[in-house]
Each structure stands twice: as structure tokens, then as C-alpha cells.
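In what follows, a single structure is set out as C-alpha cells and then discussed.
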Amino acid sequence: MVHLSGVSKWYFGQTRILNQINFDLKKGDFIYVVGGSGAGKSSLLRMIATEECPSVGTLSLFGYSLSTASSWTLRSIRKSLGYIPQNIRLIPDLTVYDNIALSLFLKGSRVINRQSKAKISELIHQLGLENKRNQPAFTLSGGEAQRVAVARALVRSPELIIADEPTGAQDRDFTWCLMDLFLKSNSNGSTVVLATHDREIVRKLRKKCAVLRGGHMSVEESICTY
Ligand SMILES: Nc1ncnc2c1ncn2[C@@H]1O[C@H](COP(=O)(O)OP(=O)(O)O)[C@@H](O)[C@H]1O
Ligand SMILES: [Mg+2]
């Protein structure tokens, strides 16, 4: 589903942030991307989310190499993704409900049917956002905005969830509430790649771990020493 071969990444005037990364993610996988601040977690996830290209190397999603994919293919790949960027990016003037519903329109829905409305309401309820449902996003706290960003991604039942420190602004209760939602999405068929520097999550909820250190990646199958 995700295949990186010899991928390196650097930004203008900088040394390599990621160096010769080889990485495979199969349908149904759940993998953490861990590493210290500045290790390149967000850079890696932005590439998988098709927001940035590798400086060198090949990145394929759903069997399509991104460097040669047509714009039609890219659009259709993006509809299968649920991306939670580290910097959240809600539309400030839209309500919580509309920010989540917009994600379905962008996936191609023309109308939000009863089933979709129920799904949005369920996510709003699960994420403790009921009293914020009709509030514009600019009024939310950082933690609330982050939970809306998670709902916006999960409402699509995406084939691939790309979550960049999705619990970074949460207390313990909401952290486990979010992790529970990611686990449920995973057991319902979504593949999950989740960047975190939260050692407690990685140690309590054991999954495959991709550890980034000094630009290199090592994948640890079950026991993560991070
Ligand atoms: N757009 C950019 N331009 C220049 N440098 C960047 C850019 N994005 C990230 N970096 C640098 O790349 C390194 C890795 O950043 P990042 O991927 O955000 O790491 P992490 O998410 O693991 O904290 C950092 O040194 C950061 O300053
Ligand atoms: Mg980051």
C-alpha cells in the first residue's frame, strides 16, 4: 500500500533529514513512526500524504509511483487518505460540524446523507465536542481543534490514515479515546501510520515501530525500544 525505496529528503541549503529510507506498509498494518524532535517524522508523513515529494527515491501509494502518477490518479489517491497534519489546519470560519462534513465533500460526496450525518454526530459525541458542534473553528482550544482534525480524517473511513502526533495536545483521557478510535478504524480495515513521541502510547499499545534516528530508519516488529 505504501512503498518507499531509497527515499532521501532535504530542504534547501540543509543536510539530509531522511537518508535512504526503505519502507513498506501493507494493507491492514498499524505502524508508529517514532523519533525525537526534528528526526523527520512530519517530513516523512507529509510525503506519504502527497504534500511533498522525496528529494530522491521512489514513493508509491496503492501501487502508483507518485512521481509519474497523473493528476487524476493523484486526486483519487488523495480521496483514499485521511491525513491529520501536525499543524491541524481547520477552516477557521466554518463550524466544527462543517469542517468535518467538508472532508466528505472533498472525497466526492454531493450530499451528506442521513448515514453520513449520523457518522459525523457519532464522532462529535465520541470526541467530546457536542457543545462545540456549531461553534466556528477559530473559537476552539488547541486540543479541541486537534480532535476535530481527527474526526475530519476518520469520517471518510479512509483506506490509509496518516496521523502526525494526533494526541500531542490531549490530556490522558482524550489520548486513549483517540487511540481507541485509531484501533477501531484499523480493525475496520484502515491502514494506520501514526507519528508520536509519546513513549507511554508506544509501550502500552504495542505495534510495529519505525524508529527515525540520524536520518535512518529501523523497523522494529513488536518490541519498540524507543
Ligand atoms: N519546510 C521546511 N524547510 C526547511 N526545513 C524544514 C522544513 N520542514 C522541516 N524542516 C526541518 O527538517 C527537520 C525535520 O523536521 P520534522 O520533519 O518536522 O521533524 P519531526 O516531525 O520529527 O519533529 C527539522 O530540522 C526541521 O527544521
Ligand atoms: Mg513533527
| note | Sole miss for Glu200 among (1) more than 16 Å from ligand 1 (Cβ to nearest atom); (2) in contact with a strand residue (DSSP E or B) (Cβ under 8 Å, 6 or more places away or on another chain) is condition (2)
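In a strand (DSSP E or B), under 20 Å from the mean Cα position of the chain (by Cα), of a type in the set (A, V, I, L, M) and within 19 Å of Val150 (Cα to Cα), is that true of Val33? Step through it out loud before you land on a result.
Details: in a strand (DSSP E or B): yes; under 20 Å from the mean Cα position of the chain (by Cα): yes; of a type in the set (A, V, I, L, M): yes; within 19 Å of Val150 (Cα to Cα): yes.
Considered against the rule, which asks whether it is in a strand (DSSP E or B), under 20 Å from the mean Cα position of the chain (by Cα), of a type in the set (A, V, I, L, M) and within 19 Å of Val150 (Cα to Cα), Val33 comes out as yes.
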| Looking at this structure, is Thr225 out of contact with any helix residue (DSSP H, G or I) (no Cβ under 6 Å at 6 or more places or on another chain), more than 16 Å from Gly143 (Cβ to Cβ) and buried (at least 16 other Cβ atoms within 10 Å of the Cβ)? | no
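With the structure loaded, tell me whether Ser5 is among the hydroxyl-bearing types (Ser, Thr, Tyr) and within 16 Å of Ser65 (Cβ to Cβ) or whether it fails that test. Can you show your working first?
Numbers: among the hydroxyl-bearing types (Ser, Thr, Tyr): yes; within 16 Å of Ser65 (Cβ to Cβ): yes.
Against the criterion (among the hydroxyl-bearing types (Ser, Thr, Tyr) and within 16 Å of Ser65 (Cβ to Cβ)), Ser5 qualifies.
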| query | In this structure, is Tyr32 under 15 Å from Leu154 (Cβ atoms), buried (at least 18 other Cβ atoms within 10 Å of the Cβ) and either of a type in the set (Ser, Thr, Tyr) or out of contact with any Leu (no Cβ under 6 Å at 6 or more places or on another chain) (or both)? | reply | no
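Name every residue in the stretch 170-196 that is part of a loop (DSSP other than H, G, I, E, B) and surrounded by fewer than 17 Cβ atoms within 10 Å (Cβ to Cβ), in order of residue number. Even if it seems obvious, please write down each step before you answer.
First, pick out the residues of the stretch 170-196 that are part of a loop (DSSP other than H, G, I, E, B): 170-171, 188-190, 196.
Asp171, Asn188, Gly189, listed by residue number.
FYI, it's all coordinate maths here, none of it is from the lab. Bear in mind the structure is a predicted one, so any value in this text is a computation, not a measurement. Every residue, glycine among them, receives a Cβ derived from its backbone with ideal geometry; neighbour counts consider all protein chains shown.
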